[in-house]
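Shown next, in structure tokens, is the structure this report addresses.
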Amino acid sequence: MLRSHATLLALTFALVSCGSRALDLDGQVGAQPIVTASTDPQVFANLQEGVAQIAVDGERLYWAGWGQKDATSWALRSCGKQSCASDVITYSATQNEPVSGPFALQGGEIFWLAYLAGMPHVVDILACPVSGCVGQPRLLVGNSNAMSLTVDEVNAFYAAGSDTSSVQIYRVPLAGGSPPAALAALSRGDVYELAMHGDYLYWTFTTSSPSGLGDIQRIRKDGTAAVETLLSNQVAPTSLAFDDNYLYWSKYSDVGALYRWPVSGAAIAPESLVGAVRSPSAVVVDGGQVYFAYELDAFDAAFTHCPVAGCNGFQALAHDLEAGLAIDDRYVYTALTNQALDSSDFRSRPTVQIHRFEK
């Protein structure tokens, strides 16, 4: 089963707390290299660990890895796009401390969420230069209940709450020096994803009710207006993405779909781009195409793409996805495995190949 954004946030979308090795240039645990090169030109790197999230910038590929020692060990790493196996940085590596949240890149730094050991829902927001931590990671926010994170050029935005409290949306300067400022107070529930477009911060909000329905909401990043509920009572909304004119998202269910809606806020019904697709997720919009992952069955997933104007059928471009998608100006990157995702071997000794495909 492909690890959806919401599932990873709730279960294993793991970044890690501060470990004793802030920088590991050779990418090894003991004598075992984490990353090795491949002779297959389509395989960017072989990894001796599972992958929960990937991202890419102009110089490096980043991933949250798990299982390099056992199923409870996690790491946040990157490697150079020119020579991945010989240019690996480990920002943080630890055991028994998974964190429900994504990492984010901005201004030459990487930001992530880290549980405090033995203290559920107590989370630090940490940062390091993408070139590697010098000493301990920088503490941006301490002792929060953060569940999701995104950043722009000036601020980090995060949602914080617990099983028994309402959710708050906060803003804090990336440079530090100021306490977090509350932008919005929501009811009890979960904010699985934060995303930005223009002057607005967007999120999906699911209440604690058993209905599984959620809302897509937004607020101005400067906090000068109230929360707007753009679309309500959506089934399992997740994986927000944007182009200049539209907001895109997926309905993550066995009979799922991809939708878009004008960011202008026009009072029209969402437009269905793809219907009757199983558990679509990892939506990325690039160059007039919408890329997404979806499940073929309970233990196999694929990715594909089609024009943003609408899909008239599509075919799987790669099978055995283990994580989502990342796109640069030339390639689509994704994590694949030839192991059965329901096998004990994969859970205890995962191996993954980072593949890249020409756009």
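The values are calculated or read from the model by the stated rules, or taken from the named source; none is laboratory data. Values in this document were obtained by computation on a predicted structure and should not be read as measured data. As a convention, Cβ positions derive from the backbone with ideal geometry for all residues, glycine included, and neighbour counts pool all protein chains shown. Note: accessible area is taken over every heavy atom of the protein model, side chains too, but ligands, DNA and RNA are not part of it. Shrake-Rupley method; radii C 1.70, N 1.55, O 1.52, S 1.80 Å.
Per-structure values
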item: Yes/no for residue 174 being open to solvent by less than 40 Å² (accessible area, probe 1.4 Å), within 28 Å of residue 243 (Cβ to Cβ) and in contact (Cβ under 8 Å) with a residue 60 or more places away in the chain; result: yes
item: Checklist (1) under 30 Å from residue 209 (Cα atoms); (2) at pLDDT below 95; (3) not in a loop (DSSP other than H, G, I, E, B) applied to residue 150, failing item; result: (2)
item: Single match in 276, 269, 309 (criterion: open to solvent by 40 Å² or more (accessible area, probe 1.4 Å) and within 24 Å of residue 199 (Cα to Cα)); result: 269
item: Considering residues of segment 140-158 that are among the small types (Gly, Ala, Ser) and farther than 12 Å from residue 102 by Cα only, the residue most open to solvent (accessible area, probe 1.4 Å); result: 142
item: 2 or more residues modelled with pLDDT under 95: qualifying strands (runs of 3 or more DSSP E) within segment 95-139; result: 109-116, 119-129
item: Some residue of segment 322-334 being under 21 Å from residue 196 (Cα atoms) and in contact with a helix residue (DSSP H, G or I) (Cβ under 9 Å, 6 or more places away or on another chain); result: yes
item: Filtered residues of segment 201-223 (kept if open to solvent by 20 Å² or more (accessible area, probe 1.4 Å), over 16 Å from residue 168 (Cα atoms) and not hydrophobic (A, V, I, L, M, F, W, C)); result: 209, 210, 211, 212
item: Residue in segment 25-41 that is open to solvent by less than 30 Å² (accessible area, probe 1.4 Å) and modelled with pLDDT of 95 or more present; result: yes
item: Filter result for residue 300 (of a type outside the set (A, V, I, L, M, F, W, C), in contact with an Asp or Glu (Cβ under 7 Å, 6 or more places away or on another chain), farther than 26 Å from residue 261 by Cβ and surrounded by 15 or more Cβ atoms within 10 Å (Cβ to Cβ)); result: yes
item: Residue check for residue 192: under 21 Å from the mean Cα position of the chain (by Cα), in a strand (DSSP E or B) and touching a residue at least 60 places away in the same chain (Cβ under 8 Å); result: yes
item: Unique match (being under 22 Å from the mean Cα position of the chain (by Cα), surrounded by fewer than 20 Cβ atoms within 10 Å (Cβ to Cβ) and β-branched (Val, Ile, Thr)) among 227, 285, 235; result: 235
item: Residue count, segment 82-94 (criterion: part of a strand (DSSP E or B), modelled with pLDDT of 70 or more and hydrophobic (A, V, I, L, M, F, W, C)); result: 2
item: Filtered residues of segment 159-171 (kept if open to solvent by less than 40 Å² (accessible area, probe 1.4 Å), out of contact with any Ser or Thr (no Cβ under 6 Å at 6 or more places or on another chain) and assigned to a strand (DSSP E or B)); result: 167, 169
item: Number of positions in segment 242-266 that are closer than 19 Å to residue 190 by Cα and crowded, with 17+ Cβ neighbours inside 10 Å; result: 4
